[in-house]
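Everything below concerns the one structure shown next.
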Amino acid sequence: MNPDVIVVGAGPTGLMLANELGLAGIRTVVLERTLERSGQSRALNLQPRTAEVLDLRGWLVPIAQQALASLPHGHFAGIPLDYSLFDTRFPYQVGIPQARVERFLEDHLAAYGVPVLRGRELTGLAQDADGVTATVTGPDGTTTLRAAYLVGADGGRSRVRKELGVGFPGRDGRFSMVVADIVLEPDPALPTEWRLPSFDPLEGPAARLTWLGDGVHRFLFTSQDQTVGRAAPVTAEEVRTALSSGPGPHFRLREVRLASRFTDASRQAAQYVNGRVLLAGDAAHIHLPAGGQGLNLGVQDAFNLGWKLAATLHGWAPPGLLATYHDERHPVGAAVLENTRAQGVLLNPDDDARALRSIVAGLLSEPTANRHITGMISGLAIRYPMAPGTPAHPLLGARLPGFELPTGRGLFIARSPDSHLDALVGRWADRVDRTTTPSDPGADTVLLRPDGYVCWAGTASGDGLEAALERWFGAGG
């Protein structure tokens, strides 16, 4: 085995990154310390921007076929958000357990010949000017694996991050919660369709039951014993006690399928790019899972990083391209940490927090305020900084909905054929596809990066286009 990239962690972030690298023809291997996928529901949604990202590659349809439902709104600490305020083909949340997303992404790796090596745990790493050597412990003992790059997508307690010694500033959790996939005794009051639970802190445990199908519900509750560590097992008795507390109805537990603990700890890696080792997903940031952003943030990390890492390995990346991964995604992660901390305040079960919650709910009833928060939670309002000197345009740095990028390459879009511009862009034909469209993309001509963000837009004169092509796609042929 002689991979170009080692991805540590087979969660949604690591698997998404491995698919992006496989699509680009990069030899990749995924290391995962667990022997099997857990199967626990965990995250339960794809935000609109994540749906767009998956659709760009043609992967959304098969994933959405396994969804439980689609919800036309999101929420901020349980306060509704209106996704219809944005121009998107997916103005809703796709309700799907994380385990099903992971299953698709892992199975899809077979199309690229990318292996997921389970039962292999990273126990050390060393990097030099030419690559990274990973020490891996598995069923056959300890061995080493060499690659040009290594990406840590191994969760909040990332071994990769710890081996690097990268700072992880922030704060520890102040309270502990449990999420459990459970089977309950039949009861006519049980929810039997997928919907967002109420997050009003005064409505009690029953309001946090979510139907998962096949007789299984997800139950979210605050730990009664706040001194219990995250690794402590969740007992059936603990779940029964939570089910019977607060206002009714009180449901009877039949079985705990899978359960885990989490906190509202909020931390972010100081650097996402560390020589030839990079961090993504929970390895780069941890936060309260409020508003349904965690899985989505990690998948979008991977989508931003994948094409840049592939370009570097193929040898056409312009100087500094890989560094833009940190420059673009670190601020996005910081914004998620900020909004989840704010949501945590609104979820506190005390009178002052309830008063604040009422004020915020009133503000979010105004379309302008709702659009601002919706853009943040959904990922639809992300706008990346482009190179200094790029001609200004309202589309610059933003996503451009309605176009697919199944090849993982860039795309030049023109409203009408132009032989001069076609010849110019043709010098990058191995990296940039070309198309004309009768619809109005918002400019005469638009250049999209492989992740669907506009890196140049302008008139048919093409002023600044060549510089943008060189900035994002390297030297032309």
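The values are calculated or read from the model by the stated rules, or taken from the named source; none is laboratory data. As the structure is a prediction and not an experimental result, all values here were calculated from the model. Using ideal geometry, Cβ is built from the backbone for each residue, glycine included, and neighbour counts are taken over all protein chains shown. What goes into the accessible areas is simple: the full protein's heavy atoms, side chains included, and nothing from ligands, DNA or RNA. Shrake-Rupley method; radii C 1.70, N 1.55, O 1.52, S 1.80 Å.
A few notes on this one:
- All positions within region 85-105 that are acidic (Asp, Glu) and crowded, with 22+ Cβ neighbours inside 10 Å: Glu102
- Exclusive hit being of a type outside the set (Asp, Glu) and free of Cβ contacts under 8 Å to residues at least 12 places away in the same chain, set Ser461, Ser439: Ser461
- Qualifying residue in region 206-216 (condition: in a helix (DSSP H, G or I) and either at pLDDT 85 or above or in contact with a strand residue (DSSP E or B) (Cβ under 7 Å, 6 or more places away or on another chain) (or both)): yes
- Any hit, region 241-251, residues being touching a strand residue (DSSP E or B) at 6+ places or on another chain (Cβ under 7 Å) and open to solvent by 40 Å² or more (accessible area, probe 1.4 Å): no
- Out of Leu321, Leu337, one residue alone is modelled with pLDDT of 95 or more, in contact with a Gly (Cβ under 9 Å, 6 or more places away or on another chain) and not in a helix (DSSP H, G or I). It is Leu321.
- The single condition among (1) farther than 30 Å from Leu295 by Cα; (2) touching a Lys or Arg at 6+ places or on another chain (Cβ under 6 Å) that His393 does not satisfy is (2).
- Cβ-Cβ contacts under 7 Å between residues 6 or more apart (or on different chains), taken from a first residue in region 89-104 that is touching a residue at least 12 places away in the same chain (Cβ under 8 Å) to a second residue that is of a type in the set (S, T, N, Q) and in a helix (DSSP H, G or I), are listed as Pro91/Ser84.
- Test: residue in region 193-210 that is open to solvent by 40 Å² or more (accessible area, probe 1.4 Å) and more than 28 Å from the chain's Cα centre (by Cα): yes
- Residue tally, condition of a type in the set (Gly, Ala, Ser) and without any contact (Cβ under 8 Å) to a residue 60 or more places away in the chain, over region 286-315: 1
- A single member of Arg161, Arg146, Arg171, Arg120 is open to solvent by less than 30 Å² (accessible area, probe 1.4 Å) and charged (D, E, K, R), and it is Arg161.
- Counted residues, region 211-225 - those being over 16 Å from Ser260 (Cβ atoms) and surrounded by fewer than 18 Cβ atoms within 10 Å (Cβ to Cβ): 4
- Residue match in region 152-169 (condition: part of a strand (DSSP E or B), touching a strand residue (DSSP E or B) at 6+ places or on another chain (Cβ under 7 Å) and under 19 Å from Ala310 (Cα atoms)): yes
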